[in-house]
Amino acid sequence: MPEAVAPVVEPQVGAAGKQPPGSEFTPLLRTVRTQGLLDRRTGWYSLGIGVNALLLASVVTALVAIGDSWWALSLAPVLAVLSARTAFIGHDAGHGQITADKRTSRVIGLVHGNLLLGMSYAWWNDKHNRHHANPNHIDKDPDVLADVLVFTSAQAKGRAGFRRWLTRHQAWLFFPLTLLEGVALKISGFRDLRRQSPRERAVEGVLLAAHVVGYAALLLGAMPVGRALAFAAIHQALFGLHLGMAFAPNHKGMDMPDPDGERWGHLRRQVLTSRNVKGGPLTDWFLGGLNYQIEHHLFPSMPRPHLRLARPLVRQHCGQLGIPYMETGLIDSYRQALRHMHEVGEPLRAD
């Protein structure tokens, strides 16, 4: 749930003979502003937040009412979907899409992230802002650092032991691994508390603890321990899978800037490293608007319902400049991302 990711206007570059990196982006920014696409949609978000809260309350009520039955497990996938909706709201709040007031955005992010999901708002802000500033940059984007998965041949060469086996099969393992993502995000948030200032740590820590206590009390109060564990496992696994399916198509397999190469301006840095996913209202809903990844990266504070309106403007502008604009269907986006991970692991499979 990131905070507003700066800058939509690029700084000047001092290197002699080079164009200011914002020169390609400025006309597009001017057009988008003129059409009001950066204006907040407070009413749209208020309705969405209210409906999401009502649905969450309904699931909790139903869980308490039928908890002493195996039918209660049927609510776990529903709660997983609503948890993803909650994460998308927190994401948009952090980017300043809901309101320009940072204090209000932080409150929304803390409630939807820490309290409702058990995910640290501050940890996500730090990580996600660095990603937005330098997407797919091997030295600066935390999302492509070598960890469980790797994204370049150079990263793959250094793998040994169990991680080497993971890399050899990472394309096949990607979606199974996302089943653990919901829990991994929570653990990362708790671990990050040590980095935070005392004041921030107190707020974040109390809300994270309140989530854990509330979640455990709800499940253990509604059903026997074994059933509660089964519910939690299904809920967290499907929540992680949903998030993985929303984030997987965005950058994997796209250009990765050469750390020693020519510096890209804001427009090229965001467009060349991102991939859009075509589809209708259902795709927009399922992916939380992140299917308009190019527009989102160019204009992080643009409200979610405006991203689809900005798409033709961005596509036309890129066409005029001869900049590739990658857009594909949902299934093909997964195919491209997995193909890239498969190719990265190829040298290890040849051993």
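Just one of the listed residues (Asp101, Asp92, Asp126, Asp141) is of a type in the set (D, E, K, R) and closer than 28 Å to Gly345 by Cβ, and it is Asp141.
For Arg268, are the conditions met, namely being surrounded by 18 or more Cβ atoms within 10 Å (Cβ to Cβ), touching a strand residue (DSSP E or B) at 6+ places or on another chain (Cβ under 8 Å) and among the charged types (D, E, K, R)? No; evaluated as a whole, the condition is false for this residue. The listed residues are Leu282, Leu238, and the only one of them that is farther than 16 Å from His132 by Cα, out of contact with any Ser or Thr (no Cβ under 9 Å at 6 or more places or on another chain) and among the hydrophobic types (A, V, I, L, M, F, W, C) turns out to be Leu282.
Scanning the stretch 271-295 for residues that are crowded, with 21+ Cβ neighbours inside 10 Å, touching a residue at least 40 places away in the same chain (Cβ under 8 Å) and not in a loop (DSSP other than H, G, I, E, B) gives Val271, Asn276, Val277, Gln293.
Return yes or no: is Phe151 in a helix (DSSP H, G or I) and either closer than 27 Å to Leu348 by Cβ or at pLDDT below 95 (or both)?
Numbers: in a helix (DSSP H, G or I): no; either closer than 27 Å to Leu348 by Cβ or at pLDDT below 95 (or both): yes.
It is false that Phe151 is in a helix (DSSP H, G or I) and either closer than 27 Å to Leu348 by Cβ or at pLDDT below 95 (or both).
Taking the numbered list (1) surrounded by fewer than 20 Cβ atoms within 10 Å (Cβ to Cβ); (2) within 30 Å of Arg41 (Cβ to Cβ) in turn, Trp172 passes all entries but (2).
Of all residues being under 16 Å from Lys278 (Cα atoms) and of a type in the set (Gly, Ala, Ser) in the stretch 332-349, which is surrounded by the most Cβ atoms within 10 Å (Cβ to Cβ)? Just the residue, please. If you could, list the steps in order and put the result at the bottom.
Here is the first cut: in the stretch 332-349, the ones under 16 Å from Lys278 (Cα atoms) are 332-337.
Then drop every residue that is not of a type in the set (Gly, Ala, Ser), which leaves 333, 337.
Values: Ser333: 26, Ala337: 21.
The extreme case among them is Ser333.
Among the residues of the stretch 315-335, which ones are β-branched (Val, Ile, Thr) and over 13 Å from Gln293 (Cα atoms)? Within the stretch 315-335, Ile323, Ile331 qualify.
Could you say whether any residue in the stretch 314-331 is within 26 Å of Gln97 (Cβ to Cβ), among the aromatic types (Phe, Trp, Tyr) and surrounded by fewer than 21 Cβ atoms within 10 Å (Cβ to Cβ)?
Of the residues in the stretch 314-331, the ones within 26 Å of Gln97 (Cβ to Cβ) are 314-318, 323, 325-330.
Applying the additional criterion that residues be among the aromatic types (Phe, Trp, Tyr) yields 325.
Applying the additional criterion that residues be surrounded by fewer than 21 Cβ atoms within 10 Å (Cβ to Cβ) yields 325.
Looking for residues that are within 26 Å of Gln97 (Cβ to Cβ), among the aromatic types (Phe, Trp, Tyr) and surrounded by fewer than 21 Cβ atoms within 10 Å (Cβ to Cβ), one finds at least one in the stretch 314-331, hence yes.
Taken over the stretch 100-158, the criterion of being surrounded by 14 or more Cβ atoms within 10 Å (Cβ to Cβ), of a type in the set (Ser, Thr, Tyr) and within 26 Å of Gly43 (Cβ to Cβ) is satisfied by Ser105, Tyr121.
Can we say Ala233 is surrounded by fewer than 21 Cβ atoms within 10 Å (Cβ to Cβ), in contact (Cβ under 8 Å) with a residue 40 or more places away in the chain, small (Gly, Ala, Ser) and under 30 Å from Leu219 (Cβ atoms)? So Ala233 does not fit the description; no.
Residues in the stretch 323-340: is at least one of a type outside the set (Phe, Trp, Tyr), under 27 Å from Leu47 (Cα atoms) and either assigned to a helix (DSSP H, G or I) or touching a residue at least 12 places away in the same chain (Cβ under 8 Å) (or both)? Please lay out each step first, then the result.
Filtering the stretch 323-340 for residues of a type outside the set (Phe, Trp, Tyr) gives 323-324, 326-333, 335-340.
Within this subset, residues satisfying the condition of being under 27 Å from Leu47 (Cα atoms) are none.
Within the stretch 323-340, not a single residue is of a type outside the set (Phe, Trp, Tyr), under 27 Å from Leu47 (Cα atoms) and either assigned to a helix (DSSP H, G or I) or touching a residue at least 12 places away in the same chain (Cβ under 8 Å) (or both).
Within the stretch 151-174, residues that are touching a residue at least 40 places away in the same chain (Cβ under 8 Å) have Cβ atoms under 7 Å from residues that are surrounded by fewer than 15 Cβ atoms within 10 Å (Cβ to Cβ) in these pairs: Ser153/Pro347; Ala156/Pro347; Arg168/Arg349, counting only partners at least 6 apart in sequence or on another chain. Picking from residues in the stretch 243-262 that are small (Gly, Ala, Ser) and touching a Phe, Trp or Tyr at 6+ places or on another chain (Cβ under 8 Å), the one that is nearest to Asn134 (Cα to Cα) is Ala248. Scan the stretch 187-209 for residues that are closer than 30 Å to Pro77 by Cβ and in contact with a Ser or Thr (Cβ under 8 Å, 6 or more places away or on another chain) and the total you get is 6.
The values are calculated or read from the model by the stated rules, or taken from the named source; none is laboratory data. Keep in mind that this is a model prediction, so the values were computed, not measured. Positions of Cβ are backbone-derived with ideal geometry, glycine not excepted, and every protein chain shown enters the neighbour counts.
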